[in-house]
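Single-structure report; data block below.
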Amino acid sequence: YTAVATSSLGRTAKALKILRTTKVTYTATSVGGVSGCAATTTYSVKGLLTAVPSATTARRGAVVRVTGVLTPRVAKQYVTLQRLVGKKWVALTRGLTSSTGVVVLATRLPRTAGYSYYRLVSSTSTALVAGASRAVRIRAT
């Protein structure tokens with residue numbers, strides 16, 4: 001644990017850098033005849049997920065890779081590649097992030113010409129709360 005000094009008003013001056021979901025317990029000792037108390041708070045961290053396609057235009061039916069980077073860099077975090085079909089996101093494939101928070105997922109483009117939208121979604125774990133990347137547009141020609 002980390003001991004933190006407080007001012008006469010009970011304010012702390014210690015900043016905590018929380019990179020993963022963390023439970024923090026605040027404990028106060030007795031001061032001025034008032035007995036001590038404790039409070040526990042859980043801080044949930046939502047990862048930032050970015051998605052970059054290997055190509056923004058490709059032939060119909062071609063395989064395109066989407067590379068994702070999860071920040072903070074968490075290993076073995078499940079990430080799903082989704083495609084927008086109508087108004088719903090449909091899961092295509094999933095994989096685990098590497099020790100550097102990187103995942104590469106491949107998908108085959110539709111056999112019809114036009115634009116498709118894809119995104120990456122990370123699952124909730126003990127380290128992070130689920131998050132999604134922005135949608136990327138890929139054109140099949």
Legend entry - Residue that is hydroxyl-bearing (S, T, Y), within 30 Å of P110 (Cα to Cα) and either modelled with pLDDT under 70 or not in a loop (DSSP other than H, G, I, E, B) (or both), where the choices are T80, T42: T80
Inset, instruction - Could you please let me know if R73 is open to solvent by 60 Å² or more (accessible area, probe 1.4 Å), closer than 12 Å to L109 by Cβ and either in contact with a helix residue (DSSP H, G or I) (Cβ under 6 Å, 6 or more places away or on another chain) or of a type outside the set (A, V, I, L, M, F, W, C) (or both)? - result: no
Legend entry - Subset of the range 97-141 that is open to solvent by less than 20 Å² (accessible area, probe 1.4 Å) and outside any strand (DSSP E or B) - its residue that is farthest from V85 (Cα to Cα): A127
Inset, instruction - Check T80 against each of (1) of a type in the set (V, I, T); (2) within 13 Å of the chain's Cα centre (by Cα); (3) open to solvent by 50 Å² or more (accessible area, probe 1.4 Å) and name the one condition it does not meet. - result: (3)
Inset, instruction - List every residue pair whose Cβ atoms lie under 8 Å apart, where the two residues are 6 or more positions apart in sequence or sit on different chains, the first residue falls within the range 76-92 and is under 16 Å from G131 (Cα atoms) and among the hydroxyl-bearing types (S, T, Y), and the second residue, located anywhere, is open to solvent by 60 Å² or more (accessible area, probe 1.4 Å) and in a strand (DSSP E or B). - result: Y78/R94; Y78/L96; T80/A91; T80/L92; T80/R94
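Regarding T93, is this residue in a strand (DSSP E or B), under 25 Å from K23 (Cβ atoms) and either at pLDDT 95 or above or open to solvent by 30 Å² or more (accessible area, probe 1.4 Å) (or both)? Talk me through it step by step, then tell me what you get.
Details: in a strand (DSSP E or B): yes; under 25 Å from K23 (Cβ atoms): no; either at pLDDT 95 or above or open to solvent by 30 Å² or more (accessible area, probe 1.4 Å) (or both): yes.
Taking the combined requirement at face value, the residue does not satisfy it.
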Inset, instruction - Quick one: T12 ticks every box in (1) open to solvent by less than 80 Å² (accessible area, probe 1.4 Å); (2) at pLDDT below 95 except a single one, so which number is it? - result: (1)
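Would you be able to tell me the number of residues in the range 45-77 that are polar (S, T, N, Q), over 18 Å from T126 (Cα atoms) and in a loop (DSSP other than H, G, I, E, B)?
Step one: of the range 45-77, the residues polar (S, T, N, Q) are 50, 54, 56-57, 67, 71, 77.
If we keep only those that are over 18 Å from T126 (Cα atoms) as well, we get 50, 54, 56-57, 67.
Now restrict to residues that are in a loop (DSSP other than H, G, I, E, B): 54, 56.
Residues flagged as polar (S, T, N, Q), over 18 Å from T126 (Cα atoms) and in a loop (DSSP other than H, G, I, E, B) within the range 45-77 amount to 2.
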Inset, instruction - Report yes if some residue within the range 50-62 is open to solvent by 80 Å² or more (accessible area, probe 1.4 Å) and modelled with pLDDT under 90; otherwise report no. - result: no
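The values are calculated or read from the model by the stated rules, or taken from the named source; none is laboratory data. Just so you know, these numbers come straight off a predicted model, no measurement behind them. Positions of Cβ are generated from backbone atoms using ideal geometry, with glycine treated the same way; all protein chains shown enter the neighbour counts. Just the protein is used for accessible areas: all its heavy atoms, side chains included, with ligands, DNA and RNA removed. Shrake-Rupley method; radii C 1.70, N 1.55, O 1.52, S 1.80 Å.
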